[in-house]
1. Of everything in the range 51-70 that's surrounded by fewer than 16 Cβ atoms within 10 Å (Cβ to Cβ) and closer than 13 Å to residue 106 by Cα, which residue is modelled with the lowest pLDDT?
2. Out of (1) over 29 Å from residue 161 (Cβ atoms); (2) outside any helix (DSSP H, G or I), what's the single condition that is false for residue 44?
3. So is residue 166 surrounded by 14 or more Cβ atoms within 10 Å (Cβ to Cβ) and under 20 Å from residue 3 (Cα atoms) or not?
4. Name every residue in the range 5-45 that is modelled with pLDDT under 90 and farther than 15 Å from residue 142 by Cα, in order of residue number.
5. Identify the residue in the range 1-41 that is of a type in the set (Phe, Trp, Tyr) and in a helix (DSSP H, G or I) and, among all such residues, is farthest from residue 119 (Cα to Cα).
6. Residue 102 passes all but one of (1) over 22 Å from residue 2 (Cα atoms); (2) touching a helix residue (DSSP H, G or I) at 6+ places or on another chain (Cβ under 9 Å); (3) modelled with pLDDT under 95; which number fails?
7. If you go through the range 75-90, how many residues are touching a Leu at 6+ places or on another chain (Cβ under 7 Å) and either basic (Lys, Arg) or farther than 9 Å from residue 102 by Cβ (or both)?
Amino acid sequence: MLLMSPLCSHTLGVTLHKITGEWNLQNYVGHDCYIVAASAIVYNAVGRLEEDDRLQASFKQYVERPATLCIPLLLAAFTLSRGSKTYASDFFALRTDFWLTVYWVLLCSTLGYLLVFGSRALLVLRKDPRSRNIANAYLLASASGISACAVRIFTALAPPLQGPVAAGLVWLFACLCGAGFALTSAESWRQKLRWFQRPVVHH
């Protein structure tokens, strides 16, 4: 989220433009990080349900390949769009042209797909009382992320709806998603550490 913030646009964005000649490159990098994070969450969720061999096969087919293909396609669409040629303090609020619309649809479709794919595994996990709270929190964060993607696709395809209100709505859902995943991941890691730190009982 930091890479997509106006503060980063004013600082890192300007620096990257001086080096590469491309505006808003930090947003592209931030969006790539979102794809990687969503893929990691799917891997973690599916990993609790499947054995290693099946996990590796399903992850490669349904997650790794789409995500890997998406990143260079995003770069191509970004480079061709006005997003790389126009400074924007808030990339969500930048009005789209054809290639920027392609960029948003491709990005948000991929993210939405990954989040839905992971949510299917989380719905199974929540049946286990030990995983229910964490799974529920992840599901809420995923729902926020899917909502952000849906709003961004809809407004990208409907230019008259673009503007500060639409951008604010995307920011709201995206921040809820990012914060939810960060807090839930931290809590999940804390629970794992607590399990490893349990005192050993000697008989």
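1. In this case the residue turns out to be 68.
2. (2)
3. Yes, satisfied.
4. 5, 6, 7
5. Checked the range 1-41; the qualifying residue farthest from residue 119 (Cα to Cα) is 28.
6. With respect to (1) over 22 Å from residue 2 (Cα atoms); (2) touching a helix residue (DSSP H, G or I) at 6+ places or on another chain (Cβ under 9 Å); (3) modelled with pLDDT under 95, residue 102 is out only on (3).
7. Selection size over the range 75-90: 4.
The values are calculated or read from the model by the stated rules, or taken from the named source; none is laboratory data. Treat the numbers as computed from the prediction; the structure is a model and nothing was measured. Methodologically, a virtual Cβ is constructed for each residue, glycine included, from the backbone with ideal geometry; neighbour enumeration extends over all protein chains shown.
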